[in-house]
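Below is one structure, written out as C-alpha cells; comments come after it.
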C-alpha cells in the first residue's frame with residue numbers, strides 16, 4: 001500500500017485481479033505482470049511521437065545553404081512575398097476585429 005491514505009486500484013484485463021494503480025500508462029498488474037491499461041500505453045506512445053515531430057510555426061519556403069546563389073535569391077523574394085501576404089491578412093483580420101468591437 002502507498003504511504004498516502006488514498007489510493008486507486010484497477011482490475012487487470014488479463015487475469016481479472018485487482019491491483020494498485022498509480023494511473024500511469026506503464027502500471028503493471030501485481031499478479032500477472034501485464035499492463036493494467038494497454039490502451040493508455042498505446043496512446044502515450046502516439047502522443048510522444050506527435051510531440052517529437054518538427055512542426056514549423058510558420059510555413060515558409062526553405063532556403064538551403066547548398067542552393068545556387070540565384071536560387072537563394074529567388075527563394076528570398078518568394079519568402080518576402082509570403083511574409084507580406086501574412087502581414088496584410090493579419091492587418092485585415094485586426095481591422096475586422098476592431099470594427100466588430
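Evaluation of residue 44 against the conditions (1) assigned to a helix (DSSP H, G or I); (2) in contact with a strand residue (DSSP E or B) (Cβ under 6 Å, 6 or more places away or on another chain) shows that the sole unmet condition is (2). Taken over the range 27-49, the criterion of being exposed (fewer than 14 other Cβ atoms within 10 Å of the Cβ), closer than 13 Å to residue 10 by Cβ and under 21 Å from the mean Cα position of the chain (by Cα) is satisfied by 38, 39. The lone criterion from (1) surrounded by 13 or more Cβ atoms within 10 Å (Cβ to Cβ); (2) outside the structural domain of residue 84 (by TED's automatic domain parsing) left unmet by residue 67 is number (2).
Rundown of residues vs (1) at pLDDT 90 or above; (2) in a strand (DSSP E or B), yes/no style:
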{"position": "20", "(1), (2)": "no, yes"}
{"position": "40", "(1), (2)": "no, no"}
{"position": "55", "(1), (2)": "no, no"}
{"position": "60", "(1), (2)": "no, no"}
{"position": "71", "(1), (2)": "yes, no"}
{"position": "82", "(1), (2)": "yes, no"}
{"position": "88", "(1), (2)": "yes, no"}
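The values are calculated or read from the model by the stated rules, or taken from the named source; none is laboratory data. All figures in this text were calculated on a predicted structure; none of them were measured in a lab. Neighbour counts are summed over all protein chains in view; Cβ atoms, including those assigned to glycine, are modelled from backbone coordinates with ideal geometry.
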